[in-house]
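The values are calculated or read from the model by the stated rules, or taken from the named source; none is laboratory data. None of these values were measured; they are calculated from a predicted model. A quick note on method: Cβ atoms are made from the backbone with ideal geometry, for glycine too, and the neighbour counts reach across all protein chains shown.
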Amino acid sequence: MSVLVYTESDKGILKKAAFEAASYGKAIADSTGTSLTAITFNVSDTSKLGDYGVDKVLNIESIDEFNAFVYADAIKQAAEKENTAIIVLSSSADSKYIAPILAIGLNAGYVPNVVETPKNLSPFTVKRTAFTNKAFCYTEISTPVKIVGVSNNSYGLVENTGAAQTENFSPILAESSTSVVSVDKANDKVTIADAEVVVSAGRGLKGPENWEMIEELADVLGAATACSKPVSDLGWRPHSEHVGQTGKPVATNLYIAIGISGAIQHLAGVSASKVKVVINTDAEAPFFKAADYGVVGDAFEVVPKLIEKLKVFKAENA
Amino acid sequence: MCDVFYLLLVSSFIRIKILNMKILVCISHVPDTTSKINFSEGDTKFDSNGVQYVINPNDEFGLTRAMWFKEKQNASIDVISVGGSETETTLRKALAIGADAAIRVNASTPDGLSVAKHLADVAKKGSYDLVIAGRESIDYNGGMVPGMLAAMLNANFVTNCISLEIEGTTATATREIDGGKETLSTLLPLVIGGQKGLVEESDLRIPNMRGIMMARKKPLTVIDPEPNSSATKSVSFEKPASRGDVKLVEADNIDELINLLHNEAKVI
């Protein structure tokens, strides 16, 4: 009857979102008086999962590359083996790819973008975001098996103790007619999904040639870079950096918006971020109404100053 | 000789099949992105008063990519929406953009699973080669319908899809992953969860007068389905707590900003 959490990894290393999902799973396991089992794929060192309350780890080594159907099938078999009633996943691209397939496989109700531990266990009710963070929706799951997708950076990491006893798990899996041709991923860059800090810039920067200072600021802060919709539509920055309602959602600890006026779609997409800073020449820009801290000023003067001061700050606090 | 004839027959059959790829584009009728979101009936219902509805942007990127297959590869496009008669304006817009026929499943659906089941019923009967849906709708952001649909149809599935090419029965699709992209090779039948990148924003089409006139003559079939079961239900809504006023820092006092971020907000 344990709670099962899918703890995601990248090249054998567990991701931060995995520990957050485990923290969330542990809270549910505690409130339902059961244990927490994690499922991992090709993770060499699973012991750290114990720090977040995982009692048992099922590690699968028989699958080489990510495939949503194969992963969903493996998680399904783990859930059946563990007689699981509640499965927890993160909100990563891969988890959101797997979860709906898993839901059909297990006849389970699935609710993504969940931001808190269940409000009720019976009827099982969770709080999720809706309308791109413009609202929350309390949602009941009525099926015996339930799947919860935890919103990134919403529940946070909660340390705990668990044995994280690892066993190899070898489900019998069908072949898939989908295969990976190539993966194009910058290894040295922080992703918007994993970043603690995101530095984002808009049309106020006047042209793609001016992004050097944005990247430098992101470097100093260990941040990911992002941009507004007009900037990606103009081709100044890649689509993958577009954050907002039709782009990526951002739920980071610190979001710095530079030269972004703050269209309602943009504000919705970034509103789950905990602290927002806006730098804009126009004191009337809507972003000032949504931000915690604001600087009315020219990005070309403020940003270089901010970089310089942050370097000093980082050196002193290193 | 007989074998050669048979081969010719088979190859011409395959050729016809390729030339007539059948595409189903799933359209969600959603509040415009600029909408203010409000609730009624004690915060249990979405308040559609004064809300403009549009084609879900992710679906529109998919429809536009489907138009490319229609124009370059002679595909046919059906569009489908699950909902009440109010969704027909959105379906007519899709017809005006260039879809060949529209289907409205006349049902009110409590969750994504219920939507996916209705879509699967129609998709099975229509034997579509390719089903394109948006990676998520911008109202409930569930992102579950395309994946559930694929699982129910036993079809291949690629979501967060930013590029799609089809050659014969083989598809090459690129999906966005956290921090990059991944290109997959897969086979039809295929379900796609599409998004921006599948086509560019500048490729989106505004229906012209001719398209609008032609759309009136295109078939829009209404199906009255048996009700199906759902797994989840939205009980109530809540708006985020309003935040305090912004703290302004002078542009020449960046030290203060760093101080606030470090000591007050504790984020650096």
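Here are the numbers:
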item	result
Check on A:Ala272, more than 7 Å from chain B (Cβ to nearest Cβ) and within 24 Å of A:Asn153 (Cβ to Cβ)	yes
Pick from the stretch A:45-78, criterion within 14 Å of another protein chain (Cβ to nearest Cβ) and among the aromatic types (Phe, Trp, Tyr), ranking: nearest to A:Gly105 (Cα to Cα)	A:Phe69
Answer from B:Asn154, B:Asn160 - the residue that is touching a helix residue (DSSP H, G or I) at 6+ places or on another chain (Cβ under 7 Å) and at positive phi	B:Asn160
Condition met for A:Ser261 (of a type in the set (Gly, Ala, Ser) and out of contact with any helix residue (DSSP H, G or I) (no Cβ under 7 Å at 6 or more places or on another chain))	no
Qualifying position, being without any contact (Cβ under 8 Å) to a residue 60 or more places away in the chain, touching a helix residue (DSSP H, G or I) at 6+ places or on another chain (Cβ under 9 Å) and basic (Lys, Arg), among A:Lys127, A:Lys76	A:Lys76
Residues within the stretch A:303-313 that are at the interface with chain B (Cβ under 7 Å from one of its Cβ atoms), closer than 11 Å to B:Ile254 by Cα and free of Cβ contacts under 8 Å to residues at least 24 places away in the same chain, tallied	2
Filtered residues of the stretch B:51-101 (kept if surrounded by fewer than 21 Cβ atoms within 10 Å (Cβ to Cβ), charged (D, E, K, R) and either closer than 24 Å to A:Gln265 by Cβ or without any contact (Cβ under 8 Å) to a residue 40 or more places away in the chain (or both))	B:Glu71, B:Lys72, B:Glu86
Filtered residues of the stretch B:216-268 (kept if aliphatic (A, V, I, L, M), farther than 29 Å from A:Val115 by Cα and touching a residue at least 12 places away in the same chain (Cβ under 8 Å))	B:Leu220, B:Val222, B:Ile223
Subset of the stretch A:182-231 [under 30 Å from A:Ala21 (Cα atoms), in a loop (DSSP other than H, G, I, E, B) and in contact (Cβ under 8 Å) with a residue 40 or more places away in the chain]	A:Ile192, A:Ala193, A:Asp194, A:Ala195, A:Glu196
Positions within the stretch A:224-247 being surrounded by 23 or more Cβ atoms within 10 Å (Cβ to Cβ) and either more than 10 Å from chain B (Cβ to nearest Cβ) or among the charged types (D, E, K, R) (or both), in sequence order	A:Ala226, A:Cys227, A:Ser228, A:Lys229, A:Val231, A:Val243
Strands (runs of 3 or more DSSP E) fully within the stretch A:40-131 counting 1 or more residues that are closer than 17 Å to A:Thr143 by Cα and under 22 Å from the mean Cα position of the chain (by Cα)	A:86-89, A:109-114, A:124-130
From the options A:Val145, A:Val181, A:Val198, residue that is at pLDDT 95 or above and more than 10 Å from chain B (Cβ to nearest Cβ)	A:Val198
Residue in the stretch B:48-71 that is over 17 Å from the mean Cα position of the chain (by Cα), closer than 17 Å to B:Glu165 by Cα, not in a strand (DSSP E or B) and not aromatic (Phe, Trp, Tyr) present	yes
Any hit, the stretch B:247-268, residues being touching a Gly at 6+ places or on another chain (Cβ under 6 Å) and under 29 Å from A:Ala17 (Cα atoms)	no
